[in-house]
């Protein structure tokens, strides 16, 4: 089998960190991570330092990556006010531009590109706006709200039309895993919450009530799904919800 080369954007995050570790265990894969900083635990991995908001730097770096065959795009820009940022137009614009800054030069350079995996989430169903019927279905029409998911997806579909490469969109819910310094990892927050309750002599209890119980996915399982999506013809141009089950 000829070597495949996967570019993982967002190497310091939960998904990117797990994806790099998993792809490196697979025979026939070369792996390159993209991150502004070198993540702990990936000391011997091949990484390039790129700020995805810097269009000129992206053109220089990704425009030279002719051998890339697969992309896992797990990069994310979040503002300090997490919840407010979900509906912030500037945050949407930046996330859209980051994907374009990576893919525009890469598509021009990597003639052998086969597949792009794009991460979304259950905010695609409007869970941050209103209760969502369970189970959520990928075939549902788009929830009528502004979201950078739609900007990125529309761009991806536009660039893929008539091309030889394909894409897959994955929609996990809450993600648990190993990633030091990742703001989107809920495990440290749970630890702080547990410590506060212990100091008050209270039992560890879930604070959200029945309406706030959500499904979760292990980052390592999600990484395996990224590899599956990258190589399975059944995943071409499809969207999948993904959770531990």
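Bear in mind that the values in this text are calculations on the coordinates, not laboratory data. Quick caveat, the model's predicted, so the values are computed rather than measured. Don't worry about glycine lacking a Cβ; one is built from the backbone with ideal geometry, like all the others, and counts go over all protein chains shown.
Please express the Cα-Cα pair-distance distribution P(r) of the range 8-92 as a list of whole percents, one per 5 Å bin, running from 0 to the bin with the greatest distance.
In whole percents, the pair-distance histogram is 3, 13, 22, 22, 19, 11, 7, 3, 0.
Which shape class, rounded, prolate or oblate, goes with the range 44-158 when its Cα gyration tensor gives a ≥ b ≥ c as root eigenvalues, a/c under 1.5 marks rounded, and past that a/b bigger than b/c marks prolate?
Verdict is prolate for the range 44-158.
Would you kindly calculate the translational diffusion coefficient of the chain, applying Stokes-Einstein with the Kirkwood radius from alpha carbon pairs, for 20 °C and a viscosity of 1.002 mPa s, and quote it in µm² s⁻¹ without decimals?
113
Could you work out the relative contact order of the range 55-114, using alpha carbon pairs under 8 angstrom and six or more residues apart, expressed as a whole percent?
Relative contact order for the range 55-114 comes out at 61 percent.
Take the chain, connect every pair of alpha-carbon atoms lying under 10 Å apart with a spring to form a Gaussian network, then pick out the residue of 178, 158, 114 with the largest mean-square fluctuation.
158
Starting from the 7 Å offset along Cα-to-Cβ, what nm value, one decimal, do you get for the label separation of residue 138 and residue 212?
3.0
For q = 0.13, 0.24, 0.28 Å⁻¹, what log10 I(q)/I(0) does the range 96-171 give under the Debye formula with an equal point scatterer on each alpha carbon and no solvent?
Each listed q maps to, in turn, -0.45, -1.17, -1.45.
Based on the mean of other Cβ atoms within 10 Å per residue, sort peptides 5-18, 215-228 so the most packed one is first. Provide the component values of the computation, followed by the final result.
Numbers: 5-18: 26.5, 215-228: 19.6.
With the highest mean Cβ count within 10 Å placed first, the list reads 5-18, 215-228.
Residue separation times 0.36 nm, minus the C-alpha to C-alpha distance between residue 80 and residue 26: what's the value?
Working it through step by step, the gained length comes to 15.8 nm.
Any number yet on Rg/Rh for the range 118-245, C-alpha, Kirkwood? Show your work: numbers first, answer last.
Details: Rg = 17.5 Å, Rh = 16.9 Å.
Reported Rg/Rh (Cα atoms, Kirkwood Rh): 1.04.
Roughly how many nanometres apart are two label points built 7 Å out from the Cα toward the Cβ at residue 145 and residue 109?
So the label points at residue 145 and residue 109 sit 3.7 nm apart.
If we count other beta carbons within 10 Å of each Cβ, what is the order of 49, 111, fewest first?
Details: 49 13, 111 10.
The fewest-first ordering by Cβ neighbours comes to 111, 49.
How far, in nm, would the chain grow between residue 178 and residue 205 when pulled straight, counting 0.36 nm per residue and subtracting the alpha carbon separation?
Gain in length upon complete extension: 7.4 nm.
So for the chain, averaging the separation of alpha carbon pairs under 8 Å that are six or more residues apart and normalising by length, what relative contact order in percent results?
About 22 percent, as a whole number.
Using only Cα atoms and rounding to the nearest 10 degrees, what angle (0 to 90) does helix 186-199 make with the longest principal axis of the chain?
The helix 186-199 is inclined about 20 degrees to the chain.
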